[in-house]
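To keep things clear, I will list the structure first and then write my remarks on it.
The values are calculated or read from the model by the stated rules, or taken from the named source; none is laboratory data. This structure is a prediction, so every number in the text was calculated from the model and none was measured. Virtual Cβ from ideal backbone geometry, glycine too; neighbours counted across all protein chains shown.
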Amino acid sequence: MHRLFAELEPSLIVTEQNLADRVRYILRSNIFDVAELERLRREAVPSSDENATAEDAAPQMVEQPANVDAAVNTPVVVDSNDDGTVAQELELEHMRSILEEAIVETRSTPLENRPRLPRIALSKRNRAVVRALNPMLVTYLEASRDLCETDSILFGAALAVCRIIGAKVSTAGRATGHSSAIPAWRRRIEERIAKARALIGRLICFRSGNNRPRIVRTVRMAFAGTNVSLSQPDITQKLTERIDDLKQRIAAWGKRIRRYTERSTRFNQNRLFQSDQKRLYESGPAPNQADTVAFWRGLWSEPVNHSEGPWTEVVASQCAGITPMDPVIITPDDVAEAVRRAPNWKSPGLDGLHHYWLKGFMVCHSVLARQFQEALNQKSLPSLFTTGITHLVPKDQEDKSQRRKDIRDHGIEEASEEIYGSSQDESSEILHQYLNYTFD
């Protein structure tokens, strides 16, 4: 782009960085629309065919002046290679500006206020966008100081991909976009049930001796077309049969609605479990706070006296000769292997970053390996790892006091646990023989 600008405007001295900044400003401020940019590009880019024609025609201008008009009126044909290069550069500049805006926006947004990233299709176009943003992230990741900042950069890159491909990004905590409108057939059944119940009430009033004109008129309408007269001696039995018939119809209609509700609830829960397990757990009934506090206080606050048997000394003496584990060296290959085994779209933690983005942005593996190693050597956890979401999920639906903790970790935290766990498993086989304990 700088070479083309120098050929078009040799009198202007502009550096490559200055020219790139000007192009980025024009694209970001939307001064020209897409059609106008395309027209300007075609007018500005010189044609190689036109230059070649001009060079060949120069020696012959004196001898053949009649060909001048034809040469001037010859249409300009833009080289397709130059077109593709300039269009690609403009598209990359547009992606770079979106990436920069998304990263700056994410840095100033708390974890709990981040937008919810959607699941994107694994198409060739989407993968091409992820691959195009990979080299752009190198500059940001090299300047990252800790895991929290790296997580913010990766989330901003994921948000930029969603905006480039046009995926719908919803704000955090917003309800699903599915319509809650009641189906028309269900509304009709509910109207029938309401009318049948009102009719049952008036039939019961008439059977108990209420002979007001409105009640009598309703009873006559209920027996219309049945050859039943209100003055016949067995009218009480007819009223009872009519009431029972209406009750059975109401029961059948209600069962139809219950079947639909159960099936719809089951379908929505299964789909929500596959897409976002966290929201599924949140949608359940919340436990009573006092009962929950009392239950866990009874487990964690009561003193426990452990029996120190003589076998512990034997195990301690046998473990004294065990060679200490070699220092754990985390490499980018370890990070790539840990991320590879993780599911793509498992429900993320508070940071909202899925494993798919850790797989797609491969340039982050070396940075994550270095920062994991620093955290391991310094024996300190960043704030990102100490902030999580804990849900109390009942083991038994009948007994709500039997609950277990379901802690939702972050994607980067799960990757680090996978790396640390695989390194420790290699040296824990001897201890497992004595203590029946595995390091995970």
Contact list, first residue from region 320-338 and assigned by TED's automatic domain parsing to the domain that holds His354 and surrounded by fewer than 17 Cβ atoms within 10 Å (Cβ to Cβ), second anywhere and in a loop (DSSP other than H, G, I, E, B) and at pLDDT 85 or above, beta-carbon distance below 9 Å, six or more apart or interchain, is Pro332/Met362
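Can you tell me which residues in region 216-237 are part of a helix (DSSP H, G or I) and surrounded by fewer than 16 Cβ atoms within 10 Å (Cβ to Cβ)? Even if it seems obvious, please write down each step before you answer.
Taking region 216-237 and keeping what is part of a helix (DSSP H, G or I), we get 216-222, 235-237.
Selection gives Val216, Arg217, Arg220, Met221, Thr236, Gln237.
With the structure loaded, tell me whether Thr331 is β-branched (Val, Ile, Thr) and under 30 Å from Ile120 (Cα atoms) or whether it fails that test.
Taking the combined requirement at face value, the residue satisfies it.
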Residue that is modelled with the lowest pLDDT, among those in region 238-276 that are buried (at least 16 other Cβ atoms within 10 Å of the Cβ) and not β-branched (Val, Ile, Thr): Asp276
What's the number of the condition Phe295 fails, among (1) modelled with pLDDT of 85 or more; (2) farther than 26 Å from Lys195 by Cβ; (3) surrounded by fewer than 11 Cβ atoms within 10 Å (Cβ to Cβ)? (3)
May I ask you to list the residues in region 119-163 that are loosely packed, with under 14 Cβ neighbours inside 10 Å, of a type outside the set (D, E, K, R) and not in a helix (DSSP H, G or I)? Ala121, Leu122, Ser123, Pro135, Ala143
